[in-house]
Structure formats: C-alpha cells, structure tokens
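See below for the structure under consideration.
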Amino acid sequence: MTPVVCGECGARVLCEKFSPAHTQVQWTQEAAVLPGGCPRIAAAVAAGRPSARVRSCPALRASIEAAVLAGRLEVPADV
C-alpha cells in the first residue's frame with residue numbers, strides 16, 4: 001500500500017488501486033486522531049463510530065486522484 005497525504009488536513013492514509021474505479025484506503029491510527037488527523041474521522045470516532053466505518057471525504061478523494069495523476073499511486077495496466 002502506498003501512503004497518500006490529504007491535501008486539506010494532512011492526514012496520511014495507505015492506498016492501493018486495483019482498477020481506475022476501485023481504490024482501497026486503509027485509515028491509519030494517526031489519521032483518526034487530532035491534532036494532525038482527519039477532522040471528519042476524528043468527529044466520527046468522538047461520536048462513537050469506528051474509524052473503519054468512515055468511507056472517505058472529498059478532499060482525500062482529490063488527493064488520491066492527484067497521486068494517481070502524478071504517478072505516485074499506480075493503477076494496474078492489466079485491468
């Protein structure tokens with residue numbers, strides 16, 4: 001899995017692309033805890049929701065797409 005940093009909040013997650021449409025995101029413990037973590041995940045965790053149940057956010061999605069375009073996150077060519 002490849003680290004990707006959110007361009008908005010700086011949270012670091014691990015990502016893997018299986019196809020252009022399929023992205024696996026693994027939220028790290030650091031991404032769920034403020035300061036320095038994702039405010040969206042931190043709010044959900046504070047409300048009693050497991051961090052694994054928070055799917056994504058627009059800022060992180062844009063950061064993942066930027067990593068793909070920059071070649072830092074590869075999409076398999078054989079899909």
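The values are calculated or read from the model by the stated rules, or taken from the named source; none is laboratory data. What you are looking at is a predicted structure, and each value in this text was computed from that prediction instead of being measured. Cβ atoms come from the backbone with ideal geometry, glycine included; neighbour counts cover every protein chain shown.
Residue by residue through segment 1-35, note down the ones that are at pLDDT 90 or above, surrounded by fewer than 18 Cβ atoms within 10 Å (Cβ to Cβ) and in contact with a strand residue (DSSP E or B) (Cβ under 6 Å, 6 or more places away or on another chain). Result: Met1, Thr2, Pro3, Val5, Leu14, Glu16, Gln24. Does segment 36-79 hold any residues that are in contact with a helix residue (DSSP H, G or I) (Cβ under 9 Å, 6 or more places away or on another chain), β-branched (Val, Ile, Thr), at pLDDT below 90 and part of a loop (DSSP other than H, G, I, E, B), and which are they? Once the filter is applied, which keeps residues that are in contact with a helix residue (DSSP H, G or I) (Cβ under 9 Å, 6 or more places away or on another chain), β-branched (Val, Ile, Thr), at pLDDT below 90 and part of a loop (DSSP other than H, G, I, E, B), segment 36-79 yields only Val54.
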